[in-house]
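Presented below is the structure to which this report refers.
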């Protein structure tokens with residue numbers, strides 16, 4: 001990787017969220033058959049972030065969750081930061097209070 005690319009991204013480390021897999025596996029995999037290996041290989045994001053925090057003092061750590069939901073009040077209650085997309089275009093990003101009053105978001109999703 002070129003040096004200028006490394007410096008542009010080296011101050012952040014994001015760990016993806018993943019589905020939590022019950023140990024008993026009594027519930028069948030929705031896709032049929034055995035649970036694919038890639039799900040077993042996914043590490044808990046907080047374990048990954050804890051390990052990363054031990055080797056640096058300057059990196060910004062965080063998790064990200066893609067939540068597709070059509071109940072805005074639920075999203076506003078559980079999220080600290082919201083990015084709203086409509087037909088592939090970003091309408092707004094910010095705290096829930098900001099999003100609730102954003103004109104384009106209100107028109108597209110909140111019945112404005």
Helices (runs of 4 or more DSSP H) within the stretch 35-112 that include 3 or more residues more than 23 Å from residue 14 (Cβ to Cβ) and not assigned by TED's automatic domain parsing to the domain that holds residue 25
72-78, 103-109
Take the residues in the stretch 77-109 that are over 19 Å from residue 64 (Cβ atoms) and in contact with a strand residue (DSSP E or B) (Cβ under 6 Å, 6 or more places away or on another chain), then tell me which one is surrounded by the fewest Cβ atoms within 10 Å (Cβ to Cβ).
104
Options 22, 30: the member that is outside the structural domain of residue 96 (by TED's automatic domain parsing) and at pLDDT 70 or above
30
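The values are calculated or read from the model by the stated rules, or taken from the named source; none is laboratory data. As the structure is a computational prediction, the values presented were derived from the model and not from experiment. Don't worry about glycine lacking a Cβ; one is built from the backbone with ideal geometry, like all the others, and counts go over all protein chains shown.
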